[in-house]
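First up is the structure itself, then whatever we jot down about it.
The values are calculated or read from the model by the stated rules, or taken from the named source; none is laboratory data. Please read these numbers as outputs of a predicted model, since none were measured by experiment. All Cβ positions, even for glycine, are placed from backbone atoms using ideal geometry, and neighbour counts span all protein chains on display.
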Amino acid sequence: MTVTVATNLADALAALRATPEARLLQGGTDTMVEINFNHYKPEHIVALRKVEELRSFSIQEDKGEIFIGSGVPYQTLENDPFLTLLPALAQASRTVGSPQIRAAGSLGGNLGTCSPAGDGLPVLSALDAIVHLRSVDDSRDVLFHDFMTGVKRNTRKPDEIITGVTVPILNGFQGYSKVGVRNAMVISVASACLAVDKATAQVRLALGAVGPTIIRCRDTEQWLSAQVDVTASVFSNAAAKEFGRRAALEARPIDDHRSTAEYRRHAISVLAERLLLKANS
Amino acid sequence: MNAENLIYTLNVNGTDREVKDSWVGESLLYVLRERLDLPGSKGACEQGECGSCTVLLDDDAVCSCLVMAATAVDSTITTVEGLISDTVMGETARTISDVQAAFVTEGAVQCGFCTPGLIVAVHHLLDKNPSPSDIEVKEAISGNICRCTGYGRIFAAVNAVIESRGKIQK
């Protein structure tokens, strides 16, 4: 077994090109559990925790967007400037594991693992995030929606590293809510991210842990836009209730060790309804 | 041990420690306990849920069971053993830290298994934020699970440290 501790992106990409079967290791909060439980025995590891290029973010005010490096830990994302500019991302980040996990975990890890329960992913879906990928001789940008293709499946090629995401700074309410078996240290049973975009008069809703991928509720979004003036952001109790009911219909939950499909669907109706009521200006 | 057996070097509690004759995929927790004779960090869940293996890695409190030890080269690692002061007011001594002393005097230790992780987490919190609110203390130790105390005496110990450090500053 080999472990390459890369100190810059070029070295990491070269190491990955040399051993494309290598596992990329960022915070370790997924891979080390697999190793500790003997579910996975790595042949080659390319460790990214010392790659500074992946641990930076930049606010591009003129374009109204933020680039977030794939290795920026959740403990950074849960605070300002994200709390102000991307409140849903900050809220989602704060629900990830414990302070110890948030010091290690990152959006790059969420994207690399692509678990439907990854707390950062509904936010990336609702914000129509662009995922940036690099290899030694190529770079490409993919919409998050096209990146995640199934449970722990994505379109990253073996020699590519996820360098970061670009998300827009929207004008309007944003919120992230999740249901788990307790308040701290919990993996989502069901989660939802709602983002109002007053510029396009859109309410965007994305669901986590209730389908093989993150689910964008396009039908529910369109229904709402036809019912109310989103730019005014006044949502009645009846509209919110129907919004929740429709969102639950778009969920595709299953029974598993964490919950049942029936409970998850109910949870989504409540989460979506409450998020829309919170969006009332 | 000859030089060929050297795999990597970790800086633990201010000392460079060579890790030899080991599988390179081992967790930092395993290496600390089984290779470097530092059994203070405890192993329980092995999946980042319980916090009993918490150490400081550079400026962060992390679960050492989730760190691949070989990737922690060129980092500074502090375990609960490293919180012991070797000198007090210039005199050579082996004394426990104020956080450890407060856990003892407030009775915040029952079975003691979670204690090393909690001590590291509380040190990390109070070094960054000397006067945290109750909710900030709760959030800071939300990743450290204690099944004995019900946390009441742990909060009392944290408050005792906050108070004593505040007095020293004044």
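Data table
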| read-out | value |
| --- | --- |
| Hey, residue B:135 at the interface with chain A (Cβ under 9 Å from one of its Cβ atoms) and either in contact with a helix residue (DSSP H, G or I) (Cβ under 6 Å, 6 or more places away or on another chain) or farther than 22 Å from residue B:168 by Cβ (or both) or not | no |
| Failed condition for residue A:155, given (1) surrounded by 20 or more Cβ atoms within 10 Å (Cβ to Cβ); (2) in contact with a helix residue (DSSP H, G or I) (Cβ under 7 Å, 6 or more places away or on another chain); (3) closer than 23 Å to residue A:13 by Cβ | (1) |
| Selected residue (criterion: surrounded by the fewest Cβ atoms within 10 Å (Cβ to Cβ)) from residues of segment B:138-170 that are in contact (Cβ under 8 Å) with a residue 12 or more places away in the chain, of a type in the set (A, V, I, L, M) and part of a helix (DSSP H, G or I) | B:156 |
| Considering residues of segment A:193-230 that are in contact with a helix residue (DSSP H, G or I) (Cβ under 8 Å, 6 or more places away or on another chain) and in a loop (DSSP other than H, G, I, E, B) only, the residue surrounded by the fewest Cβ atoms within 10 Å (Cβ to Cβ) | A:201 |
| Residue list for segment A:89-121, restricted to those being touching a strand residue (DSSP E or B) at 6+ places or on another chain (Cβ under 8 Å) and charged (D, E, K, R) | A:102, A:119 |
| Helices (runs of 4 or more DSSP H) contained in segment A:81-124 and holding at least 1 residues closer than 17 Å to residue A:149 by Cα and outside the structural domain of residue A:191 (by TED's automatic domain parsing) | A:107-113 |
| Residue satisfying all of: in segment A:231-252; without any contact (Cβ under 8 Å) to a residue 40 or more places away in the chain and of a type in the set (A, V, I, L, M); surrounded by the fewest Cβ atoms within 10 Å (Cβ to Cβ) among these | A:238 |
| Search result, residues across segment B:18-72 that are assigned to a strand (DSSP E or B), more than 14 Å from the chain's Cα centre (by Cα) and within 11 Å of chain A (Cβ to nearest Cβ) | B:27, B:68 |
| Breaking point among (1) buried (at least 23 other Cβ atoms within 10 Å of the Cβ); (2) of a type outside the set (S, T, N, Q); (3) within 13 Å of chain B (Cβ to nearest Cβ), for residue A:3 | (1) |
| Any hit, segment A:163-179, residues being surrounded by fewer than 21 Cβ atoms within 10 Å (Cβ to Cβ), more than 19 Å from residue A:65 (Cα to Cα), touching a helix residue (DSSP H, G or I) at 6+ places or on another chain (Cβ under 8 Å) and not assigned by TED's automatic domain parsing to the domain that holds residue A:57 | yes |
| Matching option when the condition is closer than 25 Å to residue B:70 by Cα, away from chain B (no Cβ under 14 Å) and either touching a Pro at 6+ places or on another chain (Cβ under 6 Å) or surrounded by 17 or more Cβ atoms within 10 Å (Cβ to Cβ) (or both), among A:56, A:70 | A:70 |
| Candidates A:169, A:187, filtered to the one that is modelled with pLDDT under 95 and touching an Asp or Glu at 6+ places or on another chain (Cβ under 9 Å) | A:187 |
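Rundown of residues vs (1) more than 11 Å from the chain's Cα centre (by Cα); (2) closer than 27 Å to residue A:252 by Cβ; (3) of a type outside the set (S, T, N, Q); (4) within 14 Å of chain B (Cβ to nearest Cβ), yes/no style:
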residue	(1), (2), (3), (4)
A:82	yes, no, yes, no
A:85	yes, no, yes, no
A:99	yes, no, yes, yes
A:102	yes, no, yes, yes
A:125	no, yes, no, no
A:142	yes, yes, yes, no
A:148	no, yes, yes, no
A:184	yes, no, yes, yes
